[in-house]
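Notes follow once the structure below has been shown.
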Amino acid sequence: MAGAAYGAALPAGHTTKKMISSRSALEERIHLTADEAKWFDSPSSLPLLISDHLADLMQDEEDDPIRRQFVPQCMECDIDDSLDPLAEVDHSVTGRLIHRYGHRAALLTTDRCFSYCRHCFRRRFTGTDTGPIGDEEIDRAAEYLAGHREIYELLLTGGDLFTLSNAKLDRLFSTLRSCREDLVIRLCTRAVASCPSRFDDELMEIIARHDHGGPFLLLTQFNHPRELTDESIRAVGRFLALGIPAFNQSVLLRGVNDDADILEDLCVRLLYSRIKPYYLFQCDLVGGTAHLRVPVARGLEIEQELRRRLSGLAMPQYTIDLPEGGGKVILTKDHLVGEEDGYYVFSTLDGGKRRYPKV
Ligand SMILES: *Cc1c(COP(=O)(O)O)cnc(C)c1O
Ligand code: SF4
């Protein structure tokens, strides 16, 4: 397994013996099921890596939500779907810059993460040992952004950008801010959930120093309320204290959060932590993740139930990123159910009907 090599490349102080990257380390923590054990016979391309923080959170129960997200199973090798259903490769304009939507672009800063999610939709890239972005690639992306003023939002993603060293982050932010000081920069990271200790004084000082011109926004991924630990909430709080707002993108996952009670709890806790639930993603059709997918019909039922229970601010948008690069589309039950005599007819959440004039 490549785990040790990945660990060695993480910023100093964030790798320890407790991190799980081998079968033996995993077996010290949990009793493997047959499907989990079988993965090691022919592992999928996405390495096993579970941070200290998540390893401490994981319980030795088959349906533990942390375990289901981070411990691989042999079903990952049933690859009947594409590895790049969003056609990101076709939309790459420099090696690592994806420009698929007119006003926003995404930069793949590194293929590494503090822990690898088994549902990762960017498996074609994540954990492939491509490594952190080089200075030359940063400059090429900056050049493209300078020549394309229509892009006003940049997503820094990967992998996880905070696995980059502080020096690399400083270089990246400096270059981006000097080429386009108007750019809104989204910091897309799962590290507040998987490695909250990364957000120490030194890193926060670098972020504060570059939070000018266009703002930074924090985009997190919490999928289950158990991930919202005090440490994680404190890490997000450090961004909030700088005036950087936080938004969460969850993935709807079978056996993890495909339940209205769990998602209600998650969304309410997120809102209390001043993190706005933004998206609830339907799993992409990425090869090796079929066993974690929830049928869209079930997702729509959950969405309707959440809509009844949650405030508008606590409610995420249930969204699908369509295959063959079709882009993101919001999924919701259609409440416009008909037309009559110059009126539109709508269904209410509790099944009633109301008319609203067309003009
Ligand atoms: C999702 C995504 C975005 C951002 O989309 P929003 O709907 O604005 O959050 C930008 N670029 C790529 C390639 C994406 O996949
Ligand atoms: S943190 Fe993001 S990029 Fe990394 S494995 Fe999870 S979903 Fe994939």
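The values are calculated or read from the model by the stated rules, or taken from the named source; none is laboratory data. Please read these numbers as outputs of a predicted model, since none were measured by experiment. Here the Cβ positions follow ideal geometry from the backbone for every residue, glycine too, while neighbour counts run over all protein chains shown. With ligands, DNA and RNA removed, areas are computed over all heavy atoms of the protein, side chains included. Shrake-Rupley method; radii C 1.70, N 1.55, O 1.52, S 1.80 Å.
Quick notes on this structure:
- Residue within segment 161-173 that is within 16 Å of ligand 1 (Cβ to nearest atom) and either touching a Ser or Thr at 6+ places or on another chain (Cβ under 8 Å) or open to solvent by less than 50 Å² (accessible area, probe 1.4 Å) (or both) present: yes
- Residue match in segment 209-228 (condition: in contact (Cβ under 8 Å) with a residue 24 or more places away in the chain and on the phi > 0 side of the Ramachandran plot): yes
- Being within 16 Å of ligand 1 (Cβ to nearest atom) and open to solvent by less than 30 Å² (accessible area, probe 1.4 Å) is a property that HIS148 lacks.
- Failed item in (1) open to solvent by 40 Å² or more (accessible area, probe 1.4 Å); (2) over 16 Å from the mean Cα position of the chain (by Cα), with GLN249 passing the rest: (2)
- For ALA34, the requirement of being open to solvent by less than 70 Å² (accessible area, probe 1.4 Å), of a type outside the set (D, E, K, R) and modelled with pLDDT of 85 or more is not met.
- Failed item in (1) in a strand (DSSP E or B); (2) in the same structural domain as ASP259 (by TED's automatic domain parsing); (3) in contact with a Pro (Cβ under 9 Å, 6 or more places away or on another chain), with ILE320 passing the rest: (3)
- Flag if TYR279 is among the hydroxyl-bearing types (Ser, Thr, Tyr), touching a residue at least 24 places away in the same chain (Cβ under 8 Å) and assigned by TED's automatic domain parsing to the domain that holds ARG100: yes
- Residues (among the hydrophobic types (A, V, I, L, M, F, W, C) and touching a His at 6+ places or on another chain (Cβ under 7 Å)) located in segment 307-350: PHE346
- Residues considered: GLU301, GLU340. Of these, the only one that is farther than 29 Å from ALA235 by Cα, out of contact with any strand residue (DSSP E or B) (no Cβ under 7 Å at 6 or more places or on another chain) and not assigned by TED's automatic domain parsing to the domain that holds ALA235 is GLU340.
- Any hit, segment 223-240, residues being in contact with a helix residue (DSSP H, G or I) (Cβ under 9 Å, 6 or more places away or on another chain), open to solvent by 60 Å² or more (accessible area, probe 1.4 Å) and more than 21 Å from LEU54 (Cα to Cα): no
- Of the residues examined, GLU264 is one that is touching a Lys or Arg at 6+ places or on another chain (Cβ under 9 Å), over 30 Å from LEU83 (Cα atoms) and in contact (Cβ under 8 Å) with a residue 40 or more places away in the chain.
- Any hit, segment 335-347, residues being assigned to a loop (DSSP other than H, G, I, E, B) and in contact (Cβ under 8 Å) with a residue 40 or more places away in the chain: no
- Among the residues of segment 161-206, the ones that are away from ligand 2 (no atom under 16 Å from the Cβ), closer than 30 Å to VAL71 by Cα and outside any helix (DSSP H, G or I) come to 2 in all.
- One residue stands out among those in segment 101-130 that are at pLDDT below 95 and more than 19 Å from the chain's Cα centre (by Cα): the one that is nearest to ligand 2 (Cβ to nearest atom), which is THR130.
- Residue list for segment 348-359, restricted to those being assigned to a loop (DSSP other than H, G, I, E, B) and either assigned by TED's automatic domain parsing to the domain that holds GLU301 or over 18 Å from ARG307 (Cα atoms) (or both): LYS358, VAL359
- Sole exception among (1) open to solvent by 20 Å² or more (accessible area, probe 1.4 Å); (2) more than 13 Å from ligand 1 (Cβ to nearest atom); (3) within 23 Å of GLN282 (Cα to Cα) for SER194, by number: (1)
- Residue tally, condition open to solvent by 10 Å² or more (accessible area, probe 1.4 Å) and farther than 20 Å from SER165 by Cα, over segment 205-216: 3
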